[in-house]
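Worksheet: the structure to be examined is printed underneath.
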Amino acid sequence: MRKVILTTILLCSVFCTVNAQKIGHFSYKAVMEAMPAYATAQRTLQSMRQRYSDELALSEKEFSEKYELFIEQQSSLDPSISEKRQAELRSLYDSNIKFRDDSRRTLSQTEADLMTPIKARIAEVIKTVGQQGGYTLLINTDSDSCPYLDESTTDDVTPLLLQQLR
């Protein structure tokens, strides 16, 4: 009898707890893209990408021109001059590869640096909205992170998040 009563109490408490939970969903991407800081970060990154791309294109053009000139003149060059020019071409090629790799690293680091405060602000607002709204769980519906969600049983908190970010 005692086990039956304990089991009944346990099931009632679980049932009541499950029904009392409040769940919300939101689009992280929509929230992030609505932030002015995100737009500024994207413009900064695009400008940097363009500058690095332009510089790399210039370096590649320089290499191509020197390589074509070397190919044209190779048969008439003394072996020592040919070796010197080949070494110069290898050095130029290697510096272009290094520049490309450094550019990618710099852009990745800059993106991380620019996005860190944005993501921190979003996390802060998510926590605030969750606490103020009495939510047990807020689910990000972007990127297939939640393949199925019955939106009729959850609240869309995206507007609340956007309002808090303004």
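No lab work stands behind these numbers, since they all come straight from the coordinates. In this text, all values refer to a predicted model and were calculated from it rather than measured experimentally. Methodologically, a virtual Cβ is constructed for each residue, glycine included, from the backbone with ideal geometry; neighbour enumeration extends over all protein chains shown.
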* Asked: Based on the Cβ-Cβ distance of residue 148 and residue 21, what FRET efficiency does E = 1/(1 + (r/R0)^6) give at R0 = 25 Å, to the nearest 0.05?
  -> 0.90
* **Cα→Cβ-extended label distance, 7 Å offset, between residue 105 and residue 37, nm** => 2.7
* For the chain, what is the mean residue ellipticity at 222 nm derived from helices alone (per DSSP H run of n ≥ 4: -39500 (n - 2.57); sum divided by total residues; nearest 500 deg cm²/dmol)? -> -26500 deg cm²/dmol
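Kirkwood Rh over Cα pairs of the stretch 94-139 into Stokes-Einstein at 25 °C, 0.890 mPa s: D in µm²/s?
Values: Rh = 13.2 Å.
In µm²/s, the coefficient is 186.
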* Structure fact -> residue 158 neighbourhood, Cβ < 15 Å, K/R = +1, D/E = -1, net charge -3
* **Cα convex hull of the chain - mean projected area over all directions, nm²** => 17.4
* Report the equivalent ellipsoid semi-axes for the stretch 74-166 in whole Å, largest first, defined as the square roots of five times the eigenvalues of the gyration tensor built from alpha carbon atoms. => 58, 15, 8
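For an R0 of 45 angstrom, estimate the FRET efficiency from the Cβ-Cβ distance between residue 51 and residue 131 and round to the nearest 0.05.
On the way: r = 43 Å, r/R0 = 0.95.
Calculated value: 0.55.
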